[in-house]
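Throughout, read-outs are computed from the coordinates displayed, never taken from laboratory work. The model shown is predicted, which means the values in this text are computed figures rather than measured ones. Don't worry about glycine lacking a Cβ; one is built from the backbone with ideal geometry, like all the others, and counts go over all protein chains shown.
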Amino acid sequence: MYIEEIIGTNSGNIALFLFVALLLDGLFGEPKWLWSRFVHPAILMGKIIGWAEHKFNSGDKKKIKGSITVFVLCMFMVVIGIIVSKLPDFGIIQTLIAAILLAQKSLTQHVSAVADALRLSTEDARLSVACIVGRDTRDMDQTAISRSAIESAAENLSDGVVAPALWFLLLGLPGLLVYKIINTADSMIGYMSPKYREFGWAAAKLDDLLNWVPARITALLILITHNKLGAWRIVLRDAPLHRSPNAGWPEAALAVSLNIALSGPRSYDGKMCDYPYVNAEACHHLTADNIDLAVRALWRVWIAIVVISVLACLTWW
């Protein structure tokens, strides 16, 4: 009730806004005609973070400077979220912002593009998968390309769909905007490189915290929508093998649901990293067909989230 008073929107309305936003994103995604004319909010967030990094990531006490920067950015997002939430527009702007910041259709399009390219040639697929992963792609074979695309699908399902939907449902537009600014900051400065190790520390830690619950909910939704809830024990076993405290959960759940092995060795900046496999006992030879199945899994989870938003509407009204 206290949160509702601050943001000026009751929980039933927020659930309705989420329902409409999910449908808008699922139907229209990110139309090029729109974002070729206007700056996408996520890009605007990136510009703000880039300016702050350039301004403050120097000298001594970088960890303190980075922490203060993250705090100020969060408070800025909270203020914007509260102001927009109180506008007498029947929630139209909130809904549109939520739809823009959800990434279901764009995610499925990017992942599907890898499968389509792989059916043309390995080289085309390497170029396509390089758009969605940070690992080296030059020497990837069919299996490595497919595995990379599926892993990206799993991780971004959590970061780009489930997490923003959850934080919007719980805390309204301020919660969604705070999540997105932190997630964007983590993708830009949350690295263990000498340049960002201290300045990006707060962004990385807060992103891990904000994604802790969504990552596990994503894993559950993947298993439930594939009637594989009994395989939760395998997810519990393999998710901690991942180098990320959160990404391993949706990856392990998707691997189990599709009966494939994910993670495993890969190259970053010319250096081979011998990571363990997730669901190692399953199929290792992957193709474009496996990518297609992963895309279908993304839509199954999207449908589950739509159903949850409807149930929340009925419960909270």
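What to note about this one:
- Residues with amide H under 5 Å from that of Val278, placed H, sequence gap 5 or more: Leu262, Ser263, Gly264
- Amide H to amide H distances under 5 Å link Cys283 with Ile260, Ala261, where only residues 5 or more positions off or on other chains count and H is placed in the peptide plane.
- Of Asn290, Asn227, Asn13, the one that fluctuates the most in a GNM where the chain has Cα springs shorter than 10 Å: Asn227
- From largest to smallest, the equivalent ellipsoid semi-axes obtained for the chain from the alpha-carbon gyration tensor read 31, 25, 19 Å.
- The residue among Ala125, Phe71, Thr137 whose Cα reaches farthest toward the positive pole of the charge dipole of the range 8-316, with charges on the beta-carbon of Lys, Arg, Asp and Glu, is Phe71.
- Under the span-like rule (Cα at least 20 Å along the axis, Kyte-Doolittle mean at least 1.0), DSSP H helices of the chain: 11-28, 62-85, 163-189, 201-225, 288-316
- Stokes-Einstein diffusion for the range 8-56 at 37 °C, viscosity 0.692 mPa s, with a Kirkwood radius from C-alpha pairs, works out to 244 µm²/s.
- Here Lys55 is the anchor, and the lysines within straight C-alpha reach of less than 24 Å, apart from those fewer than 8 places off in the same chain, are Lys47, Lys63, Lys65, Lys180, Lys195, Lys205.
- Loop-located trypsin sites (Lys or Arg not before Pro) in the range 10-94 whose Cβ has at most 16 other Cβ within 10 Å (DSSP): Arg37, Lys61, Lys86
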